[in-house]
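The values are calculated or read from the model by the stated rules, or taken from the named source; none is laboratory data. Computed from a predicted model, the values in this text were never measured in an experiment. Positions of Cβ are generated from backbone atoms using ideal geometry, with glycine treated the same way; all protein chains shown enter the neighbour counts. Heavy atoms of the whole protein, side chains included, go into the accessibility calculation; ligands, DNA and RNA do not. Shrake-Rupley method; radii C 1.70, N 1.55, O 1.52, S 1.80 Å.
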Amino acid sequence: MPQTHQGTALITGASSGLGAVYADRLARRGYDLILVARNRDRLIALADRITNDTRQSVEIVDADLRDGVALAAVEEKLKQDASVTLLVNNAGVGTHTPLLESDIDAMTRMIDLNVTALTRLTYAAVPGFIARGTGAVINISSIVAISPETLNGVYGGSKAFVLAFSQSLHHELADKGVQVQAVLPGATATDFWQSGGLPIEHLPEGIVMSASDMVDAALTGFDRRELVTIPSLHAGEKWEAYEAARRTMSRDLSNDVPAPRYATAL
Ligand SMILES: NC(=O)c1ccc[n+]([C@@H]2O[C@H](COP(=O)([O-])OP(=O)(O)OC[C@H]3O[C@@H](n4cnc5c(N)ncnc54)[C@H](OP(=O)(O)O)[C@@H]3O)[C@@H](O)[C@H]2O)c1
């Protein structure tokens, strides 16, 4: 049953997979929804089901977020609609193809969606959150953000951007009432794999999570106000140690003289 009214969540890539599960779960938590993706029929079917199940208001926006005009319209909605309290930057595409065997135009289109659209939508939403003293951004990254050798390198690079961008946003916004979460899913059973050219049946057994489990775990992390949530990593202390080492090292990264190991041989 819906809890108290939570405002409106705008979810990109809501027509399938993780985005569709986020839509369901957030409506059940009391959010009205704005669902964004290209496939209008799927959005309509999902909106009908959610409205029926939860009585929350659901608006759909069919938009290709790689298209500048369509993206600008969604940005404008985020700027104008003061009811928006949560942005879920979920739309993304990926592939497993080796870098130099990948079509550069396809790589650029991936960056347009995974990086540029996510960045522009965040810039559109966050000033309103700051002005209202409340709001949250959930950015869907991937475990490949910290394991770029695993799939296609441009995909890994785009997700590393999402992680670093989220960490920086959190650093700048935590004291302004704006919550930021980067979610790093491992392999999850969605259309992502088929669309990226590697059917999910080809993945090893025991590494693929359901979309429902992934989103429910990520929302538990959100409720705990985690900055980084990796639902499939059982040994959470490994992330904490990795992050602690990075933060410690970051204090030492600039120096006025080169490290002794780079001393010029005479
Ligand atoms: N599945 C995994 O194993 C996995 C692991 C780590 C991270 N992720 C990330 O999770 C996110 C969601 O992916 P998913 O697994 O749920 O896959 P999915 O089912 O293929 O969902 C991708 C969503 O993005 C939308 N989309 C794709 N291109 C778009 C565009 N140009 N403009 C607007 N919307 C677009 C799709 O809808 P339309 O086709 O209707 O536009 C769809 O709703 C992605 O960012 C992905 O990188 C997935």
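Among the residues of region 222-249, just one is open to solvent by 90 Å² or more (accessible area, probe 1.4 Å) and in contact (Cβ under 8 Å) with a residue 60 or more places away in the chain, namely 242. Among the residues of region 190-213, none qualifies, meaning not one is without any contact (Cβ under 8 Å) to a residue 60 or more places away in the chain and under 30 Å from residue 132 (Cβ atoms). Within 10 Å of the ligand (Cβ to nearest atom), under 19 Å from residue 163 (Cα atoms) and of a type in the set (Gly, Ala, Ser), is that true of residue 186? Taking the combined requirement at face value, the residue satisfies it.
Let's see how each residue does on (1) surrounded by 22 or more Cβ atoms within 10 Å (Cβ to Cβ); (2) within 13 Å of residue 184 (Cβ to Cβ); (3) aromatic (Phe, Trp, Tyr):
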{"residue": "79", "(1), (2), (3)": "no, no, no"}
{"residue": "142", "(1), (2), (3)": "yes, yes, no"}
{"residue": "152", "(1), (2), (3)": "yes, no, no"}
{"residue": "162", "(1), (2), (3)": "yes, yes, no"}
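Examine region 78-101 for a residue that is part of a loop (DSSP other than H, G, I, E, B), in contact (Cβ under 8 Å) with a residue 12 or more places away in the chain, over 23 Å from residue 8 (Cα atoms) and more than 14 Å from the ligand (Cβ to nearest atom), and state whether such a residue exists. Even if it seems obvious, please write down each step before you answer.
Keep residues of region 78-101 that are part of a loop (DSSP other than H, G, I, E, B), which gives 81-83, 90-98.
Now drop any that are not in contact (Cβ under 8 Å) with a residue 12 or more places away in the chain, which leaves 81-83, 90-98.
Pick out the ones that are also over 23 Å from residue 8 (Cα atoms) and you get 93-98.
Now narrow it down to the ones that are more than 14 Å from the ligand (Cβ to nearest atom): 97-98.
Yes - at least one qualifying residue is present in region 78-101.
Residues that are in a helix (DSSP H, G or I), touching a helix residue (DSSP H, G or I) at 6+ places or on another chain (Cβ under 6 Å) and not polar (S, T, N, Q) within region 29-70 comprise 46, 50, listed in sequence order.
Exactly one of these conditions fails for residue 62: (1) open to solvent by less than 60 Å² (accessible area, probe 1.4 Å); (2) within 10 Å of the ligand (Cβ to nearest atom); (3) farther than 23 Å from residue 185 by Cβ. Give me its number. Just one mismatch for residue 62, condition (1).
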